[in-house]
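Structure, as structure tokens:
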Amino acid sequence: MIGAGVAGMECAITLANAGMRQVVLVEGGTTVGGHVARIAQLPGLGEWRRLVAYRDRQLAQLDAVEVVVSTTLGSGDVLDRKAEVVVVATGAYWSQDGVSHLTHEPLDGARAGHVLTPDALAEGRRPEGDNLLVYDCEGYFMGAAMAELLAVERPDARIRLVTPFPVVGPFLDLTFEADTARRRLHALDVQTITGSEVRAIAAHSCELWRFDQQEEIPAAGVVLVTSRRSHDDLYRELRNDPDRLAQAGIEELHAIGDCASPRHIAESIFDGHRIARAIGGTDSNGFIRDLRIVTGRPAEAIERADSQIAPSAV
Ligand SMILES: Cc1cc2nc3c(=O)[nH]c(=O)nc-3n(C[C@H](O)[C@H](O)[C@H](O)COP(=O)(O)OP(=O)(O)OC[C@H]3O[C@@H](n4cnc5c(N)ncnc54)[C@H](O)[C@@H]3O)c2cc1C
């Protein structure tokens, strides 16, 4: 198992509970938890830590699971380990090129040194200057959290949160977090600019468009919260060389969680659980329990149909 985010952790726990004798969970970072552990360090988001803490305790109680941290695996390392089953759970990252759902194109100037992403801030980097701009095309909490973090740390700077959505964090309305998040931004004097699109980033400013009106906004530092991409290089490298997989004795290869495609926490955890049920079992897609509930069909009928679907394994 490569990557100890919530997907990898859940998969390792489920495999061990199902009787798998040896599961090695390898993590490149110094601690387990992946992205959720990083989110939990942001202002007001400490509650998310429970998703990692619960699984960390489960792992500690399972003799069949060995957790190895501070070890980044490349494809050669994976092949050398001679595992029968390899699950890649290496997560996702924020795109540095500013590609968003609006244009699907890289944003002019996005790769300049004063333009960062939430990943860079999680690593401790910070934008510099008196005018800082967060551009949020995600619409959930990350844009607001980035603006709040900067406002708390830099009370001397002007923080602006620009979003193409009609309100800040529209998806926060669906989880009843919006009022709190917007109140905090207001209390911290963050200027929110809604319904506007950043079309280009220059050294000290951003080009903003609202319908057909253009405006230059001062921005010495920019944080882009535009879209996420899978960290799937390792998975692709392994998948694209089936001969080497066979020589290394690898019978199954899976990608789960954000590595398969960026998604939500619950989906990532479900994915880890689903694949663990599928590994070595008859439920090749791991959906029998769910299909029984959703369709009301008996398990045997679903198993018959399931056997006609190609498993996601190699
Ligand atoms: C900013 C942001 C906000 C989000 N907000 C929400 C939200 O509010 N609600 C929600 O439901 N979901 C949210 N999500 C999604 C959620 O965080 C992810 O779906 C989930 O954390 C993914 O878990 P994962 O285990 O697949 O990947 P990750 O948590 O990213 O874990 C991958 C792990 O693999 C490790 N790794 C990578 N490469 C290697 C390697 N070669 N060798 C060893 N280890 C390696 C990494 O160090 C990392 O620890 C958010 C995601 C982001 C980025």
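Count, please, the residues in the range 98-115 that happen to be open to solvent by 20 Å² or more (accessible area, probe 1.4 Å) and at negative phi. Before the answer, list the steps.
Step one: of the range 98-115, the residues open to solvent by 20 Å² or more (accessible area, probe 1.4 Å) are 99, 101-109, 111-114.
Pick out the ones that are also at negative phi and you get 99, 101-103, 105-108, 111-114.
Residues flagged as open to solvent by 20 Å² or more (accessible area, probe 1.4 Å) and at negative phi within the range 98-115 amount to 12.
Please list, ordered by residue number, the strands (runs of 3 or more DSSP E) wholly in the range 52-140 having 1 or more residues that are away from the ligand (no atom under 11 Å from the Cβ) and more than 15 Å from Arg229 (Cβ to Cβ). Lay out the reasoning, then the answer.
Values: elements: 65-68, 85-88, 92-94, 131-136.
By residue number, 65-68, 85-88, 131-136.
Can you tell me which of Gly3, Gly29 is within 28 Å of Leu245 (Cα to Cα) and open to solvent by less than 20 Å² (accessible area, probe 1.4 Å)? Before the answer, list the steps.
Numbers: Gly29 fails: open to solvent by less than 20 Å² (accessible area, probe 1.4 Å).
Just a single option satisfies the conditions, and that option is Gly3.
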What are the residue pairs meeting all of these: first residue in the range 232-256, first residue within 12 Å of Lys82 (Cβ to Cβ), second residue within 15 Å of the ligand (Cβ to nearest atom) and part of a loop (DSSP other than H, G, I, E, B), Cβ atoms under 9 Å, and 6 or more apart or on different chains?
Ala248/Arg81; Ala248/Ala83; Gly249/Ala83; Ile250/Ala83
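Of all residues being among the basic types (Lys, Arg) and part of a strand (DSSP E or B) in the range 198-256, which is farthest from Gly28 (Cα to Cα)? Just the residue, please.
Within the range 198-256, the subset among the basic types (Lys, Arg) is 199, 210, 228-229, 236, 239, 244.
Those left that are additionally part of a strand (DSSP E or B): 199, 210, 228-229.
Numbers: Arg199: 35, Arg210: 42, Arg228: 20, Arg229: 18 Å.
Filtering first and then ranking leaves Arg210.
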So Leu79, is it of a type outside the set (Val, Ile, Thr) and within 21 Å of Ile39 (Cβ to Cβ):
no
Being in contact with a Phe, Trp or Tyr (Cβ under 9 Å, 6 or more places away or on another chain), within 16 Å of the ligand (Cβ to nearest atom) and not polar (S, T, N, Q): is that true of Glu197 here?
no
Could you tell me whether any residue of the range 216-228 is open to solvent by 80 Å² or more (accessible area, probe 1.4 Å) and modelled with pLDDT of 95 or more?
yes
Would you tally the residues in the range 77-105 being in contact with a Gly (Cβ under 6 Å, 6 or more places away or on another chain) and modelled with pLDDT under 95?
1
Scan the range 54-65 residue by residue and report those that are surrounded by 13 or more Cβ atoms within 10 Å (Cβ to Cβ) and over 11 Å from Met9 (Cα atoms).
Leu62, Ala64
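The values are calculated or read from the model by the stated rules, or taken from the named source; none is laboratory data. As the structure is a prediction and not an experimental result, all values here were calculated from the model. Neighbour counts are summed over all protein chains in view; Cβ atoms, including those assigned to glycine, are modelled from backbone coordinates with ideal geometry. Quick note on the areas: whole protein, heavy atoms, side chains included, nothing else; ligands and nucleic acids left out. Shrake-Rupley method; radii C 1.70, N 1.55, O 1.52, S 1.80 Å.
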